[in-house]
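Report on one structure; see the data block that follows.
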Amino acid sequence: MQTEKHIAAAFDRDLEAIQAMIMKMGGLVEAAVLDAAQALDTRDEELAERVRAADRAVDALEEQINAEAARLIALRAPTATDLRTALTVMKIAGSLERCGDYAKNLAKRSSVLIQMSAIGDTAGGIRRMAKAVELQLKDALDAYIQRDVELAEEVRRRDRDVDQMYNSLFRVFLTHMLEDPRNITACMHLHFIAKNIERMGDHATGIAEQVIYLVNGAMPEEPRVKGDTTSVTLLDGSQ
Amino acid sequence: MNDMRIVERDVDTNENKITARGVQVFYGQNHALKDVDVDILDKTVTAFIGPSGCGKSTFLRCLNRMNDTIDGCSVQGSIKIDSEDIYDPKVDPVQLRAKVGMVFQKPNPFPKSIYDNVAYGPKIHGLTRSKAELDEVVETSLRRAALWNEAKDRLSSPGTGLSGGQQQRLCIARAIATSPEVLLMDEPCSALDPIATAQIEELIDELRSQFSVVIVTHSMQQAARVSQRTAFFHLGNLVEYGETGKMFTNPSDPRTESYITGRIG
Amino acid sequence: MTGLSASSAAGARKGSLLAQDALTVQRNASETRFKLYGIIAITLSMLALIWLLYSIFSVGTPAFRQTFLTMPIELPADKLDKSGTRDLAVMSKVTTVGYAAVIQAALEKAITEKGIPTEGMTAKDIAGIISLEAPAQLRNYVLANPELVGQTIDFEVLANGRVDGFFKGRVSMESAKLDSNIKPEQLILSEKLVDAGIMAQRFNWGFITAPDASDQRPEAAGLGVAIIGSFYMMLIVLVLSLPIGVAASIYLEEFAPKNRWTDLIEVNIANLAAVPSIVFGILGLAVFINFAGLPQSAPIVGGLVLTLMTLPRIIIPARAALKSVPPSIRDAALGVGASKLQSVFHHVLPLAAPGILTGMIIGLAQALGETAPLLLIGMVAFVRDYPSAPMQGFFDPASALPVQVFNWTVRGDPGFVERASGAIIVLLVFLLIMNAVAIILRRRFERRW
């Protein structure tokens, strides 16, 4: 971990600036996720609207980060850790932008779901999952700023928990849909929401893997822990 | 400097320091520089890049009329510094060169002491009135050139006894001792090792808050690192001139792109 | 190349590095031969140099020793000062003949006092062992110190050249029999005088300080006038050629436009350096003596002629020294805002100084040894009086060291041969000193760079 400064102070300033932008973006996305889940749970239409509007800032930041990273690579020709910093920043920005889109999607679907009646405690379940994912994102970004490989590994492992939550939510939705066909619309929306949140968790894991690549110079050796069994779940709830 | 500095890299708040219009340079019959129009901004580092023989050093030397010392060289067109035409017959090149300093490719300190090296310019231009003032000018210049700490205990030792990077910093101190408004640098780092080069580039970045700096370099990477504006010369023509970040990420002219990506030499 | 490389490459691949192939052996052999030629050449030239120095020094060093007679001389007032008032005007009327008689009387008295037998010798013979210069020496001394008239002083007079030659081995008893200027009896007398302590050899300062002497008196001849003459001329050459030469080379190198005229000038200067020096003598004769009316044989004319000769020899190395200063220094000076003149005088000239100085001293040393042009402007004349102090002294007739050497070489008396070699030694010493000064100055300036 390089603690010395570059002889060209402007190079350090540029690197710090893009990392600061990532943290800012991360903060925006985390807030968006929590707010959107809260909007669903508390049936707050205005909050959902604000979340959807706030996504524009996230997209703009991603464009800005990409432009600045490209500029940094063109002008500074970074090597070694500096190069990996620039590359990972671009990947993380992309991941965060997707997470932002999922959060916006959550908010959009929340607006629709708010019109319908609530289904059991699914909103609560979604909120808990969103909280877990938000923690994942936060920890992944903390690991990035602190270059903490252990924390990143932990984030990777925790993705299993998110997958488990998704599995159970999946079964809950199936159950509700089997019980009452009028629930199908709502459950479909809820399912998409849950899927997107699970995807966010995968992106957070991806960010953690970028941290490991940044510090170690290579992607992690062990493959991801995949806990998602929904692809092989049958309709009758067995398996 | 705030942390969003790279956002504020645009320099369109500065005025033009040097305006060149229709500049042609002939070496005898050879038309070395064709029709150059360029505006160089104040408090900015402008880089001239291009392959060998493209005319960038020639144009640089026009800016302080060093081309006058070359036999058979004729300059046409107008070059104005602060709206004054420097090729006007009333202008004395010697006086111009106190205002427009120059640093050369190979460090060339005078074979005198460090103190005398820096003091020579102010002395012959009569810029100081007493020894105390001269001492102050020498100290300020050496500080600005980041050489004071290494030199303050040996001001009377010969300038040629320093290392390459230190000698070049001494030449920079000598050039800024006359309080110029424009600093011209002709490949100042080409004779230096990478660490010394990085130190000089950092120095240039600090100097640009006081002067307008024009640097000719054969290293595109150096132009990318150090400048805010870049001008690309090719075969005597000014092909493209623009903001450095844009030039290196998305140049307008295909010739620029070919040169920068290493497709033409 | 390919055929050669194919076969030798095959061989080279097979052979080991530890065994030299034929080409290498050949190369090394020719290099060794070349080095051997060099060593032989150096050895031969060293031997030649040693032989040359030996022959000069063996003939010339005796010139620095001379035979003198020291004896009490009575200065009779009645003969030397008729008026009795020590009036110089009156005393000057007594010529050297009167003083010769005084010396003769003193010698005879000394001989009888020491009891040296002199049978078979006339008074003229006895007086003949004294130099013909001696009366003039005594007269000059007395006129300078008139109060000594009436007293008896211990005075030193030169011995005759042949007597001196006898003690130095040039003259022997046998050759004295055939010589019209000396008799063997005089030589025997001289030996006895040496035993008695009256005659002795000592270091002869007069060789360096005394003026030239006529043919009969080689023992009295000295380099005094020649040294002063050469010194004045070198002074004139230095004062004139250094500023003019350096200024000319600066102008030609830095300021003159590069066109056909300056090329012509450059060619002419190079040719002038190769012009035979006697041509400059003719020029000096025509311009300085005939046209400008300057006195013949004067250091001013010699100095001017030598200046003309030395100028190209200064301009050419000075230009080379200026050219050798790297253009980066000039660029640096101009870049900082110095004018052309300032950059030349503050920066280029100090750096070119070692080369210019060396060229100048070499030019001076060459001028010191020039003979031909000086002969033509009349410096071959016989000059007895010292030139006075500058500036007037520049216009008095004088001689020069190399001219004096020439002068003495063509005179018949063998005493002059010895003195010519002695003068060559003096000349060599001066040249050595000048070269040493050149080396020291060059070292001093080079250290600062």
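Any read-out appearing in this document is the output of simple, stated calculations on the displayed coordinates, not a laboratory observation. Here the structure is a predicted model, which means the values were calculated and not measured. With ideal geometry, Cβ positions are generated from the backbone for all residues, glycine too; neighbour counts draw on all protein chains shown.
Based only on other Cβ atoms within 10 Å, what is the fewest-to-most ordering of B:Val38, B:Val118?
Working: B:Val38 20, B:Val118 34.
Fewest to most other Cβ atoms nearby, the residues stand as B:Val38, B:Val118.
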Worksheet item: Running Debye on chain B with equal point scatterers at the Cα sites and no solvent, what base-10 log of I(q)/I(0) appears at q = 0.07, 0.17 Å⁻¹?
Response: -0.25, -1.40
Item to complete: Please report the base-10 log of the normalised intensity I(q)/I(0) for segment B:143-265, using a Debye sum with one equal scatterer per alpha carbon and no solvent, at each q in 0.15, 0.22, 0.23 (1/Å).
Response: -0.74, -1.28, -1.36
Item to complete: Sum up the lysine pairs in segment A:9-232 that clear both bars: alpha-carbon distance under 22 Å and a spacing of 8 or more or different chains.
Response: 18
Worksheet item: How far is helix C:414-448 tilted, in degrees, relative to the longest principal axis of the Cα atoms in chain C, given as a value from 0 to 90 rounded to the nearest 10?
Response: 40
Response to the item:
Spelling it out for B:Phe48: with amide H atoms placed in the peptide plane at 1.01 Å from N, the residues 5 or more places away or on another chain with amide H under 5 Å from its amide H are B:Ile215, B:Val216, B:Thr217, B:Ala231
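Assuming R0 = 60 Å, can you tell me the calculated FRET efficiency for the pair C:Asp385 and C:Lys35, based on Cβ-Cβ distance, to the nearest 0.05? If you can, show how the numbers build up before the last one.
On the way: r = 58 Å, r/R0 = 0.96.
For R0 = 60 Å, the calculated efficiency reads 0.55.
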Worksheet item: Dividing the alpha-carbon radius of gyration of chain A by 2.2 N^0.38 Å (N being the number of residues), what value is obtained?
Response: 1.11
Discussion item. Taking just the alpha-carbon atoms of segment B:54-183, what radius of gyration and Dmax come out, in angstrom?
Written reply: 15.9, 48
Discussion item. Just to be sure I understand: if I project the alpha-carbon convex hull of segment C:206-337 onto a plane and average over all orientations, what area do I get in nm²?
Written reply: 12.0
Worksheet item: So who's got an amide H within less than 5 Å of the one on B:Ala32, skipping anything under 5 residues away but keeping other chains? H placed 1.01 Å off N, in plane.
Response: B:Val25, B:Phe26, B:Tyr27
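Using only the Cα atoms of segment C:322-449, construct the convex hull and provide its projected area averaged over every direction, in square nanometres to one decimal. Please list the in-between numbers first.
Details: hull surface 44.5 nm².
Average of the hull's projected areas for segment C:322-449 equals 11.1 nm².
For segment C:100-220, build the convex hull from the C-alpha positions and give me its volume per residue in Å³.
Working: hull volume 14.2 nm³, N = 121.
Hull volume normalised by residue count: 117 Å³.
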Worksheet item: Over segment C:316-393, what number does the Rg to Rh ratio reach, with both radii from the alpha-carbon atoms and Rh per Kirkwood?
Response: 1.27
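Listed highest first by mean packing, meaning other Cβ atoms within 10 Å per residue, what order do A:185-192, A:211-218 come in? Present the calculation step by step, with values, prior to reporting the outcome.
On the way: A:185-192: 19.0, A:211-218: 17.1.
Result, highest mean first: A:185-192, A:211-218.
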Worksheet, complete the sentence: Diffing segment C:60-66: the Karplus 3J(HN,Hα) column from phi (6.51, -1.76, 1.60, θ = phi - 60°), in whole Hz with x for Gly and Pro, holds x, 4, x, 4, 8, 10, 9
Worksheet, complete the sentence: Per GNM of chain C with C-alpha springs under 10 angstrom, the most fluctuating residue out of C:Gly412, C:Gly229, C:Gly115 is C:Gly115
Worksheet, complete the sentence: The size of the Cβ-based charge dipole (Lys, Arg +1; Asp, Glu -1) of chain B about the Cα centre, to the nearest 20 debye, is 560
Discussion item. Sorted from largest to smallest, which semi-axis lengths in Å does the alpha carbon gyration tensor of chain C give for its equivalent ellipsoid, taking the root of 5 times each eigenvalue?
Written reply: 59, 34, 18
Worksheet item: Along segment A:215-231, what does the Karplus equation 6.51 cos²θ - 1.76 cosθ + 1.60 (θ = phi - 60°) give for ³J(HN,Hα), rounded to whole Hz, x for Gly and Pro?
Response: 7, 8, x, 8, 5, x, 7, 6, x, 5, 7, 9, x, 7, 9, 5, 5
Worksheet item: Any number yet on Rg/Rh for segment C:29-98, C-alpha, Kirkwood?
Response: 1.65
Worksheet item: Got a sec? Which residues in segment B:60-75 would a label at B:Thr19 touch, if it sits 7 Å along Cα→Cβ and we count backbone N under 19 Å?
Response: B:63-64
Worksheet item: Residue by residue, what Karplus-based ³J(HN,Hα) values in Hz, rounded to whole numbers, does segment B:186-191 have, using 6.51, -1.76 and 1.60 with θ = phi - 60° and x for Gly and Pro?
Response: 9, 6, x, 10, 5, 9
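How large is the Kirkwood hydrodynamic radius of segment C:172-276, in angstrom, based on all distinct alpha carbon pairs? Display every interim value, and only then the final one.
On the way: mean 1/r = 0.0508 Å⁻¹.
Kirkwood radius, segment C:172-276: 19.7 Å.
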Worksheet item: Over the C-alpha atoms of segment A:66-157, what are the Rg and the largest Cα-to-Cα span, Dmax, in Å?
Response: 18.0, 56
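Only Lys, Arg, Asp and Glu count, each charged at its Cβ (+1, +1, -1, -1), so figure out the dipole size of the protein assembly as shown about its Cα centre, rounded to 20 debye.
Details: 97 positive and 108 negative charges, 498 e Å.
That gives a dipole near 2400 debye.
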Discussion item. With angles folded into 0 to 90 degrees, how steeply does helix A:80-115 sit against the dominant principal axis of chain A? Use alpha carbons for both and round to 10.
Written reply: 20
Worksheet item: What do the square roots of 5 times the Cα gyration tensor eigenvalues come to for the protein assembly as shown, in whole Å, largest first, as semi-axes of the equivalent ellipsoid?
Response: 105, 32, 26
Discussion item. Positive end of the dipole of chain C, charges at C-beta (+1 Lys, Arg; -1 Asp, Glu), about the Cα centre: which of C:Ala210, C:Met233, C:Ala320 has its Cα farthest in that direction?
Written reply: C:Ala320
Discussion item. For Cα pairs less than 8 Å apart in space and 6+ apart in sequence, what is the mean separation divided by the residue count of segment C:64-204, i.e. the relative contact order in percent?
Written reply: 42
Item to complete: For every other residue with a beta carbon closer than 10 angstrom to the beta carbon of B:Leu235, add +1 if it is Lys or Arg and -1 if Asp or Glu, then tell me the sum.
Response: +2
Worksheet item: Hull surface divided by four, with the convex hull built on the Cα atoms of segment C:261-302: how many nm²?
Response: 3.7
Response to the item:
Proximal lysine pairs in chain B, meaning Cα under 15 Å and 8 or more positions apart or interchain, come to 10
Item to complete: With 10 Å bins from zero, work out the P(r) of segment A:121-199 over every alpha carbon pair and list the percent per bin.
Response: 19, 43, 23, 12, 4
Worksheet item: For segment C:224-448, what is Rg from Cα atoms divided by 2.2 N^0.38 Å, rounded to two decimals?
Response: 1.15
Worksheet item: How far is helix C:260-272 tilted off the main Cα axis of chain C, in degrees rounded to 10, range 0 to 90?
Response: 40
Worksheet item: Antiparallel DSSP bridges in the protein assembly as shown: what percent, to the nearest 5?
Response: 70
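What ranking do A:Tyr102, C:Tyr37 get, fewest neighbouring Cβ atoms within 10 angstrom at the top?
Working: A:Tyr102 25, C:Tyr37 10.
Exposure proxy ranking, most exposed first: C:Tyr37, A:Tyr102.
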Fill in: Residues in segment B:122-144 that a label on C:Gln342 would reach, taking backbone N under 13 Å of a point 7 Å out along Cα→Cβ
B:122-128
